[in-house]
Amino acid sequence: MREKIEALLAQAQGLKADTEAELEALKVKYLGRKGIVQELFQDFKNVPAEEKREMGQKLNELKDAIQLELNRLKEQLEGKTSQSCTTNDLTLPVDFSDLGARHPLSIVRNQICTIFGNIGYTVAEGPEIEDDWHIFTALNFPLEHPARDMQDTFFIEKDPDIALRTHTSSVQIRTMERNKPPIRSIFPGRVYRNEAISARAHCLFHQVEGLYIDENVSFADLKQTLYYFAKEMFSSDTKIRLRPSYFPFTEPSAEMDISCNICGGKGCNICKGSGWVEILGCGMVDPNVLENCGIDSKKYTGFAFGMGVERITMLKYQVNDLRLFFENDLRFLKQFETV
């Protein structure tokens, strides 16, 4: 056995491999489960007892020597591979990785915040998990209002009610509770409603609401503010109209339409032939809401408005399916990289 080991040690010094396949063959030949070194370990049991110590040391030296040589050959092959890479044509164009871009909803949200920021509105945010007071009661929702039902709202706890906010109006309440008039703020954020997902609706969407509280604030102030917004967001020739509506937290209330920017008011499938498209709800803050927040409704008045960011984005970029905003399809998102 001593002679075999010495012969193999000599062989180990001259191992050669020009490819990874040859290197793997050497590894199997010498160190594999049925390799030469393994066979010597199996024959070790036949070695006389007085020689076992010496033979055991030599076998371990042989195994280590072969492994060391295989590692050296592996490093040589890796060096050749890296060297061959440097022979590439360095004048070829670089294959740039794709760069990220803002999501279209983020683009429009920022534009809305900028437009109102230019006329003195600050941005305020609040929690997405809210209690009944801030979502419903303080906003003058009656106990029998359908928004309080399970089919409309995602409730987390009952008695007391804790839910995912259905609108960012809850941040309006928090702002009025913490600050004294004058108040002029907008409230962007995610909201949640228990609705079936379709091309025009989703259980998760984004809102931007606005609030202005001060002395002698009138409906005319609301109208001019929203008219300014519509022209800044869409185009200078955009027209608006206000239609009477109902919201528990505003009185009087209205829904605002803009002249369809797709057909120029002539009528198309987007505006259903009417030439008008609804974009937001608004109204004068109900005196009960002011009183609920500790604001004297006899001294102060104000208006509020709220819009869906998805709706504005769909109109601005002529997107016909709301679900596209949530699918993360790069073919869709890449269209907004230069926006």
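The values are calculated or read from the model by the stated rules, or taken from the named source; none is laboratory data. Since we're looking at a predicted model, the values are computed, not measured. Please note: Cβ atoms are built from the backbone with ideal geometry, for glycine as well, and neighbour counts cover all protein chains shown.
Some notes on this structure:
- Any hit, segment 194-208, residues being assigned by TED's automatic domain parsing to the domain that holds Thr137, buried (at least 22 other Cβ atoms within 10 Å of the Cβ) and among the aliphatic types (A, V, I, L, M): yes
- Asp321 closer than 30 Å to Ser97 by Cβ and in contact (Cβ under 8 Å) with a residue 60 or more places away in the chain: yes
Results for (1) over 30 Å from Ala7 (Cβ atoms); (2) charged (D, E, K, R); (3) surrounded by 14 or more Cβ atoms within 10 Å (Cβ to Cβ), shown as yes or no for each residue.
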| site | (1), (2), (3) |
| --- | --- |
| Lys27 | no, yes, yes |
| Tyr30 | no, no, yes |
| Gly35 | no, no, yes |
| Glu39 | no, yes, no |
| Pro93 | yes, no, no |
| Ser97 | yes, no, no |
| Ile115 | yes, no, yes |
| Gly120 | yes, no, no |
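- Top-ranked residue of segment 277-301 - restricted to ones that are touching a strand residue (DSSP E or B) at 6+ places or on another chain (Cβ under 6 Å) and acidic (Asp, Glu), ranked as nearest to Thr175 (Cα to Cα): Asp286
- Only one entry of Val47, Val28, Val37 meets the criterion of being closer than 27 Å to Glu78 by Cβ and in contact (Cβ under 8 Å) with a residue 24 or more places away in the chain, and that entry is Val37.
- Those strands (runs of 3 or more DSSP E) lying entirely in segment 221-339 with at least 1 residues surrounded by fewer than 14 Cβ atoms within 10 Å (Cβ to Cβ): 240-247
- Selection count, segment 162-179, where residues are surrounded by fewer than 20 Cβ atoms within 10 Å (Cβ to Cβ) and in contact (Cβ under 8 Å) with a residue 60 or more places away in the chain: 1
- Residue within segment 188-199 that is within 21 Å of the chain's Cα centre (by Cα), outside any helix (DSSP H, G or I), aromatic (Phe, Trp, Tyr) and closer than 21 Å to Val289 by Cα present: no
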